[in-house]
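K.L.:
Take a look at the following structure, please.
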Amino acid sequence: MASIVCPKLGGFPARCRQWKLPRIQFLEKNMYTVWEKQGFNCQKSIKTPHALATEVSFKASTPLNDKDSMLANYVPIYVMLQKERLTREKLEIITNDNVLKDKEGLEKQLKQLKDAGVDGVMCDVWWGIVESKGPKEYDWRAYRTLFQLVQDCKMKMQVVMSFHQCGGNIGDVVNIPIPHWVRDVGVTDPDIFYTDRVGNRNVEYLTIGVDNQPLFGGRTAIEMYSDYMKSFKENMVDFLEAELFTDIEVGLGPAGELRYPSYPQSQGWAFPGIGEFQCYDKYLKADFEEATTKVGHPDWEFPNDAGEYNNKPNETGFFGSEGYLSEKGKFFLTWYSNKLLIHGDEILEEANKAFMGCKVKLACKISGIHWWYKDETHAAELTAGYYNLNDRDGYCPIARMLSRHYAAFNFTCLEMRDSEQPTSAKSGPQELVQQVFTAVKREEGIMAGENALERYDYKAYNQILLSVRPNGINRKESPKLKMEALTFLRLGDDLLLKKNYNLFKRFVKKLHADQEYCSDLRKYSTVVPLERSKPKIPIEELLEATERIESFPFDDHTDMSVGGQLNDFIDGFFNMIPFF
């Protein structure tokens, strides 16, 4: 979960401020005309670094005085609360019975984070817990107790509107399903869940095919999400007014990420499998049939040769024989990825209505699917809904959509390096982060991020520091490339072990650009009431954003290193001495 406080010297593109566009439907009224005009031509050239420099502009930086110059480099860190406390007995932070467990133990951990200079914490606010008793029967008591505890510890919070199931993904050790009364609808209508080609259902998150289907006691999925967020706002007015929450991340898919559940461990997926398309429920099938009929190809169907979860690209016809580059393949991938954009846009519209006027920002989490990134097919990204190729940018349209809601683009895998990945997976996490950072800045959006895996070593920390400030600190003015916050995975006994905790404190200080902890966000960010979302963006403008440009260059190493192998050895020696 990423912070979405706005950069003090940042802004949004003039295009966004000047939009006077009719509120038209995102896809249904425009896609087919645009598709015909484009002639299925996705073979666009990548622009040169010179084009990048001239077309991706920054706001002119204002020189800063000595007191503020280093604070402009300050990156706040929010530590993700564990889904359960891994002590002798497993204790969930908030149980399925909606009870905050081991408050004293959690308070002790929060104080340790505070002593390390941590700015705040992040937590999931589970739909499956709060609205478990029945439709619109919300119980926020346990979360209010948790929020009060964090406030008493003088920390800030990021909160996630978690409309997905906890369980079935990497790092999940507890199970919090979506509300039972929602799942009950699936007993008679299993197509409310994402479905793969052979009919396996995924109960982590409702399919986007039912976003606007009134199947849940007369409410649609989007109406349920909207009502939940409105109830949160109504019941947390005091915390909102006290500015406890820096941002509200809206869960938009499995693991809270805007994507399809293309690589679920519950279905046997294992890294680096390409995953499978997840659009075979009857609602998405009907939508696709309508789309193909409108363009005069009612005979087109979903790919039947895209392989299985653990295939490699070259083992499938769709990817290996370049079916994804055919006219039919391009149409399918455009439809598949645009449905995801529509889904995110419509729910963020509701989130904006719910929290408008509050001094928070919205955020959306995007998965860092780095395996097969260096393969021509980008197969794993495509099955997840990110239509990204070497000559087509799949992330800039997302950034453009988020910018209309003043929402941060929260990206994962900041700690990963290419050299740590198996060569057979053709992974490119470093290049992927560069591409995404460039896409967000191209749209003058808000960039934030988090690590994907729990790591407490100097190599991971140094890579994160490079990712959040890829061109280092600027001692004279606000750095042009800087993430607005880092969400760190995660709080637990491992993090607080002596050897890990000492290095973590050094890491926090480097994120803060060697500055002392700053409690006033206004000294390095702008805290303003959330504005109304800008007008909807026609599909024409979104498709324009798919043109690839060269990524911003990143430095080879961070200028705020926590140390290397020698420091690691020295730290290990002193960690064996009790009084250090």
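The values are calculated or read from the model by the stated rules, or taken from the named source; none is laboratory data. Note that the structure is a prediction, hence the values are computed from the model and not measured. Here Cβ is always computed from backbone atoms with ideal geometry, including for glycine, and neighbour counts include all displayed protein chains. With ligands, DNA and RNA removed, areas are computed over all heavy atoms of the protein, side chains included. Shrake-Rupley method; radii C 1.70, N 1.55, O 1.52, S 1.80 Å.
K.L.:
For a Förster distance of 51 Å, can you work out the FRET efficiency between the beta-carbons of Asp305 and Ser561, rounded to the nearest 0.05? Numbers along the way, then the final one.
P.N.:
Details: r = 48 Å, r/R0 = 0.94.
Efficiency, from the Cβ-Cβ distance: 0.60.
K.L.:
Enumerate by residue number the trypsin sites (Lys or Arg not before Pro) in segment 503-549 meeting two conditions: DSSP loop (anything except H, G, I, E, B), and at most 16 other Cβ atoms within 10 Å of the site's Cβ. Intermediate results must be reported in sequence, preceding the final value.
P.N.:
On the way: sites: Lys505, Arg506, Lys509, Lys510, Arg522, Lys523, Arg532, Lys536, Arg548; in loops: Arg532, Lys536, Arg548.
Those that pass, being in a loop and sparsely packed, are Arg532.
K.L.:
Accessible area per residue for segment 149-247 in Å², computed with a 1.4 Å probe and the full protein assembly in place, what is it?
P.N.:
Here the residues of segment 149-247 average 35 Å² of exposed surface.
K.L.:
Given labels modelled 7 Å from the Cα in the Cβ direction, how far is it in nm from Ser424 to Ala242?
P.N.:
So the label points at Ser424 and Ala242 sit 5.4 nm apart.
K.L.:
Also, quick follow-up: Mind ranking 361-367, 391-397 by how tightly packed they are, going by the mean number of other C-beta atoms within 10 angstrom, highest first? Mind dumping the intermediate values first?
P.N.:
Working: 361-367: 26.4, 391-397: 22.6.
Listed from highest to lowest mean packing, they are 361-367, 391-397.
K.L.:
Starting from the amide H of Ile248, placed 1.01 Å from N in the peptide plane, find each other amide H under 5 Å away whose residue is 5 or more places distant or on another chain.
P.N.:
Amide H to amide H, under 5 Å and 5 or more residues apart or across chains, Ile248 pairs with Lys361, Leu362, Ala363.
K.L.:
Sorting check: for 369-382, 308-321, which peptide has the highest mean count of neighbouring beta carbons within 10 Å, and how do the rest follow?
P.N.:
In descending order of packing, they fall as 369-382, 308-321.
K.L.:
Can you give me the accessible area per residue for segment 450-558, using a 1.4 Å probe, in Å²? Don't jump to the answer; show the numbers that get you there.
P.N.:
Working: 4270 Å² over 109 residues.
Ligands and nucleic acids excluded, the result is 39 Å² per residue.
K.L.:
Can you compute the modelled spin-label distance between Glu290 and Gln112, with each label point 7 Å from Cα toward Cβ, in nm?
P.N.:
Distance between label points: 5.3 nm.
K.L.:
Once the piece of chain linking Val185 and Glu327 is laid out straight, how much longer is it, given 0.36 nm per residue of separation minus the C-alpha distance between them? Can you show the working numbers first?
P.N.:
Details: separation 142, 0.36 × 142 = 51.12 nm, distance 3.74 nm.
Roughly 47.4 nm would be gained on extension.
K.L.:
Going down the list Lys108/Lys510; Lys361/Lys482; Lys233/Lys498; Lys312/Lys339, which pairs span over 29 Å between their C-alpha atoms?
P.N.:
Numbers: Lys108/Lys510 24 Å; Lys361/Lys482 18 Å; Lys233/Lys498 39 Å; Lys312/Lys339 25 Å.
Beyond 29 Å: Lys233/Lys498.
K.L.:
Sketch the reach of a paramagnetic label on Asp97 as a point 7 Å from Cα along Cα-to-Cβ, and name the residues of segment 134-149 whose backbone nitrogen lies under 19 Å away.
P.N.:
134, 139-146
K.L.:
Still on this model: Along Cα→Cβ, 7 Å out, is where each label goes; now give me the distance between the ones at Gln151 and Asp520 in nm to one decimal.
P.N.:
Here the modelled spin labels are 2.2 nm apart.
K.L.:
Considering only protein heavy atoms and a probe of 1.4 Å, how much of the accessible area of segment 192-236 is carbon and sulfur, as a whole percent? Let's see the in-between values first.
P.N.:
On the way: 640 of 1500 Å².
That fraction is 42 percent.
K.L.:
Provide the packing ranking of 176-184, 286-294, i.e. peptides ordered by the mean count of other C-beta atoms within 10 Å per residue, highest first. Provide the component values of the computation, followed by the final result.
P.N.:
Working: 176-184: 18.1, 286-294: 16.1.
The most tightly packed comes first, giving 176-184, 286-294.
K.L.:
So which of Lys101/Lys534; Lys136/Lys365; Lys156/Lys536; Lys114/Lys359 end up more than 30 Å apart by C-alpha?
P.N.:
Values: Lys101/Lys534 42 Å; Lys136/Lys365 26 Å; Lys156/Lys536 32 Å; Lys114/Lys359 23 Å.
Beyond 30 Å between Cα atoms: Lys101/Lys534; Lys156/Lys536.
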